[in-house]
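The values are calculated or read from the model by the stated rules, or taken from the named source; none is laboratory data. Predicted model, so just to flag it, every value in this text is computed and none were measured. Glycine also receives a Cβ, built like all others from the backbone with ideal geometry; neighbour counts cover every protein chain displayed.
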Amino acid sequence: MTNPESAQKPRSDRSPWNWLLFLPIVLPLLPFLFNSDEPRLFGFPLFYWLQLAFIIVGVSCTTLVYRMTR
Amino acid sequence: MSGHTTELVVFSVLFLLVSGMGFVAARWRRPDNIESLNEWGLGGRNFGSWITWFLVGGDLYTAYTFVAVPALVFGAGALGFYALPYTVVIYPMVFLVLTRMWSVSHVHGFVTPADFVRARFGSPTLALVVAITGLVATMPYIALQLVGIEAVLKTMGITGHLPIIIAFAILAAYTYQSGLRAPALIAFVKDTLIYIVILAAVIYIPTQLGGWESIFDAAKAKFDASPSQSDGLTLNASNQLQYITLAFGSALALFLYPHSLTGVLASRNRNVIKRNMSALPAYSFLLGLIALLGFMAIAAGTKPVVGANGRPDGNTIVPVLFDQMFPDWFAGVAYAAIAIGALVPAAIMSIAAANLFTRNIYREYLNKDATDAQEAKVSKITSLVVKVGAVLCILILDPQFSIDLQLIGGVIILQTLPSVALGLYTRWFHRSGLITGWALGLGAGLWMLYLIPNPVSGKAHFGGSAFGLSNLGFDTTMTIYAGFLALAVNLVVAVLATLAFRAMKVADGGDATSRGDYFADEGDPKVKPMDLTGTH
């Protein structure tokens, strides 16, 4: 405990950044966003390519929260 | 079957090579004494980011991914793709929960979820309930891994149950010898093999089938022609709710399994976990593409192997597709990848189930003064017993989609969520309220599973995990994941029963944890130094 301030403050995992985690939790659970064949991308129906794209949203959000709260 | 000779040889060589590595693993990062539960069961608890990534990834991406999900996509289309949103939702959801679990476990030396529950709610009974639930729920999940190996062997022309029993004997032997070290080292080989096979599959196979466009068109044509209401290239009114609840329910269930926690607890500190929760979705992209192997099989006109019961075995769809599309030697490599990919998680699951039994049943009820060596011994033996239980599941059960084995396990394990996951956040629940909620939730879950028929085999009960809302009197064809509904029952009952027990002033247990324990990190004086090997 070299830093006296951090020694006094009780530890917590609270952070406003954590709210960002809700985005990738909620998005994939809303089928009206992606439940369609058209438009296709590289031959993939919307249903498939958009849900694959949600992975990028997930990685971005969790990475950002990790960086900001570590 | 002479047509499969090359495949068999390549498969056998790779498989034996990897089994050999398992034995060597006992000497890797060797501790002074492996005869303790911390060492055998958690590999000394000081794995860094990379090993944790492989370890956690290794037990999440399994025969479930390679065999069960594509089989469901092949048979039902869009519904089977729920496995993708499942893995997208899960990491942000457990990001904070697992770091809390890591901290409190390292402060108090918890190895299993039941250890935590016992200390948090001061209730050995609740801990016993959680431990038994974990043990039972793990068995069908291990059975699913066996089905995966079985599918590969069937495709190579080997029939009957003998090969699977031999494979499991090998697994049992090296897990017994090396504990968590065996699967951790093998996970590297397994993932390397899997990446090679998957990249080959998703790049090469579509070029042979006229591109993704025609693959999806072929799938669409099949589902348009099929009379079934539950399949299609996209979701319909009756299975949307099921899709969401499957994805969400599976995500809630995953980290309640004792085996997923094993990999997490073996991490060195909180940041290792957080970093992994950010990096693990890299597997999800592959998982999505693997699921689409089901559509590739449709486009390629793949016919599943007909099983001993005269019905085609949908689980063989991916192995047969590989046999059709790849040269023999590479099909052999792919089969080895699938089989090893099933062995690693099966090892991890059985170790975790064994830890659970030893800590929360053996030491709690059978031998209170057990020494470290005795505990390790009991764990080793239990891990064998659990594997035998899973083999029996295979010999006795015959589900339409093998994925239902995992989903039925999910219905069971979800009932520990209020005690384990919510328990990390609140001590509001009364211990007896949690037990009441667990009992009624489990009862409701089993009742729903009992009512679900298997349309293919004609069996009236335990035929799947999609519960028709019409059973509750609703005028609809909508279905919902039984585990989700059962968890809702559990939560409502737990809340009401807690209020009732409080009102009646029934004694509640104490809480051995304090608030700060949930945020402690490596270097904190409360976090027990792991006096083990650990030179990196």
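One table, with the values for the structure above:
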{"item": "Residue that is more than 30 Å from B:Trp102 (Cβ to Cβ) and either modelled with pLDDT of 80 or more or over 28 Å from the mean Cα position of the chain (by Cα) (or both), where the choices are B:Leu496, B:Leu487", "result": "B:Leu496"}
{"item": "Unmet requirement for B:Val420, which otherwise passes all of (1) at pLDDT 85 or above; (2) touching a Ser or Thr at 6+ places or on another chain (Cβ under 9 Å)", "result": "(2)"}
{"item": "Residues located in region B:83-139, provided they are assigned to a helix (DSSP H, G or I), among the small types (Gly, Ala, Ser) and over 26 Å from B:Leu446 (Cα atoms)", "result": "B:Ser103, B:Ser105, B:Ala119"}
{"item": "Sole exception among (1) away from chain A (no Cβ under 14 Å); (2) out of contact with any Ser or Thr (no Cβ under 8 Å at 6 or more places or on another chain) for B:Phe285, by number", "result": "(1)"}
{"item": "Residue pairs meeting the criteria (Cβ under 6 Å; at least 6 apart or on separate chains; first within 9 Å of chain A (Cβ to nearest Cβ), in region B:197-219; second outside any helix (DSSP H, G or I) and among the small types (Gly, Ala, Ser))", "result": "B:Gly211/A:Gly43; B:Trp212/A:Gly43; B:Glu213/A:Gly43"}
{"item": "Top-ranked residue of region B:303-322 - restricted to ones that are at pLDDT 85 or above and surrounded by fewer than 23 Cβ atoms within 10 Å (Cβ to Cβ), ranked as farthest from B:Leu199 (Cα to Cα)", "result": "B:Lys303"}
{"item": "Failed condition for B:Ala297, given (1) out of contact with any helix residue (DSSP H, G or I) (no Cβ under 6 Å at 6 or more places or on another chain); (2) crowded, with 18+ Cβ neighbours inside 10 Å", "result": "(1)"}
{"item": "Any hit, region B:304-311, residues being in a helix (DSSP H, G or I) and of a type in the set (A, V, I, L, M, F, W, C)", "result": "no"}
{"item": "Conditions (1) more than 10 Å from chain A (Cβ to nearest Cβ); (2) under 24 Å from B:Ile90 (Cβ atoms); (3) among the charged types (D, E, K, R); (4) more than 18 Å from the chain's Cα centre (by Cα): number failed by B:Lys222", "result": "(2)"}
{"item": "Residues within region A:20-70 that are surrounded by 14 or more Cβ atoms within 10 Å (Cβ to Cβ) and part of a loop (DSSP other than H, G, I, E, B), tallied", "result": "7"}
{"item": "Criterion (in contact with a strand residue (DSSP E or B) (Cβ under 7 Å, 6 or more places away or on another chain) and within 10 Å of chain A (Cβ to nearest Cβ)) met by exactly one of B:Leu241, B:Leu246, B:Leu280", "result": "B:Leu241"}
{"item": "Of all residues making up region B:100-116, the number that are aliphatic (A, V, I, L, M) and either under 18 Å from B:Phe285 (Cα atoms) or within 14 Å of chain A (Cβ to nearest Cβ) (or both)", "result": "3"}
{"item": "Condition broken by A:Tyr66, with the remaining ones in (1) facing chain B (nearest Cβ under 8 Å); (2) out of contact with any Lys or Arg (no Cβ under 6 Å at 6 or more places or on another chain) satisfied", "result": "(2)"}
{"item": "Per-region count, region B:75-99, residues more than 7 Å from every other protein chain (Cβ to nearest Cβ) and under 22 Å from A:Ser15 (Cα atoms)", "result": "4"}
{"item": "Test: B:Val456 is touching a residue at least 24 places away in the same chain (Cβ under 8 Å), surrounded by 13 or more Cβ atoms within 10 Å (Cβ to Cβ), hydrophobic (A, V, I, L, M, F, W, C) and not in a loop (DSSP other than H, G, I, E, B)", "result": "no"}
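One line per residue, one yes/no per condition, for (1) at pLDDT 70 or above; (2) surrounded by 24 or more Cβ atoms within 10 Å (Cβ to Cβ):
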position	(1), (2)
B:Gly3	yes, no
B:Val13	yes, no
B:Trp28	no, no
B:Asn33	no, no
B:Asn46	no, no
B:Ala71	yes, yes
B:Leu84	yes, yes
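Rundown of residues vs (1) acidic (Asp, Glu); (2) out of contact with any Cys (no Cβ under 9 Å at 6 or more places or on another chain); (3) crowded, with 22+ Cβ neighbours inside 10 Å, yes/no style:
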residue: B:Glu375; (1), (2), (3): yes, yes, yes
residue: B:Ser379; (1), (2), (3): no, yes, yes
residue: B:Gln406; (1), (2), (3): no, yes, yes
residue: B:Ile412; (1), (2), (3): no, yes, yes
residue: B:Pro418; (1), (2), (3): no, yes, yes
residue: B:Leu422; (1), (2), (3): no, yes, no
residue: B:Ser432; (1), (2), (3): no, yes, yes
residue: B:Ala439; (1), (2), (3): no, yes, no
residue: B:Leu442; (1), (2), (3): no, yes, no
